[in-house]
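Trainee: Can you keep this structure in mind? I'll have questions shortly.
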Amino acid sequence: MSAGATLVLLRHGNAERPTPGGSDEVRALTARGQRQARHIAGLFQQRGWMGEGVRIVSSPLVRAEQTARIVAGALRVEVEIDDRLSTHADVPEQIESAIEHATAQGVLVLVGHNPTLSLLAHARLESPQRHERTWPGLLHTGEGLVIRSPGVMRPGGRRLVEALRLLDDE
C-alpha cells in the first residue's frame, strides 16, 4: 500500500425494494447485494487491504451495515457504526465524519447511501468535473470510489484513483 490516506466511498449492495408503509431503515441486502459485497471484499484483498491500517465505518441502516460486515469479515477488521452516515445526515456532517475517521496512512472505507456519498465525493475531489470519464458523478447501488491523498484527508485537493463497479451478474 502506498504512503498516504486512501478513502473508499462505498454505496451499499443491492437491497430489497421498499414495501408500502415499511421502514427504509430495515431494508436488507438481496442475494445479489450479498454477492456484490463479497466481490468488493475480494477486490480489497487483491490490493492487500486487510487487518491493521483498514477501518470500515458504516451507516446504521441494515443494508449498509450488512455490506460493511461482509467486507469487514473478509478483511478481518471490525465495523464501526456512525449515525452521520445514515440517509438522514447532511453532507457537512458526512464530511466531518470522514475527516474525523481518516488518518494520514491506511484505508478508510465509508459505507453509506446516495445522494450523500456522491455529494461527499464531489466535496473531497479537487475538481469533480475532471473525473467525469472515470466517474460520471453519481454512485449507483453497488459502486465505490477510491480517493487518494498524500496526507490526512481534507476537503478538496484529493485525487480519484478509480471507480469500482461491484459484481453485476443480473
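Trainee: Of all residues in region 40-51 being open to solvent by 30 Å² or more (accessible area, probe 1.4 Å), in a loop (DSSP other than H, G, I, E, B) and on the phi < 0 side of the Ramachandran plot, which is modelled with the lowest pLDDT?
Mentor: MET50
Trainee: Quick one: THR87 ticks every box in (1) assigned to a helix (DSSP H, G or I); (2) at pLDDT 80 or above; (3) not hydrophobic (A, V, I, L, M, F, W, C) except a single one, so which number is it?
Mentor: Of the numbered conditions (1) assigned to a helix (DSSP H, G or I); (2) at pLDDT 80 or above; (3) not hydrophobic (A, V, I, L, M, F, W, C), the odd one out for THR87 is (1).
Trainee: Another one. Looking only at residues in region 52-78 that are without any contact (Cβ under 8 Å) to a residue 24 or more places away in the chain and surrounded by 15 or more Cβ atoms within 10 Å (Cβ to Cβ), which one is farthest from GLY112 (Cα to Cα)?
Mentor: ALA72
The values are calculated or read from the model by the stated rules, or taken from the named source; none is laboratory data. Model, not experiment: these values are computed from the prediction. All Cβ positions, even for glycine, are placed from backbone atoms using ideal geometry, and neighbour counts span all protein chains on display. We work out accessible area using only protein heavy atoms, side chains counted, and drop any ligands, DNA or RNA first. Shrake-Rupley method; radii C 1.70, N 1.55, O 1.52, S 1.80 Å.
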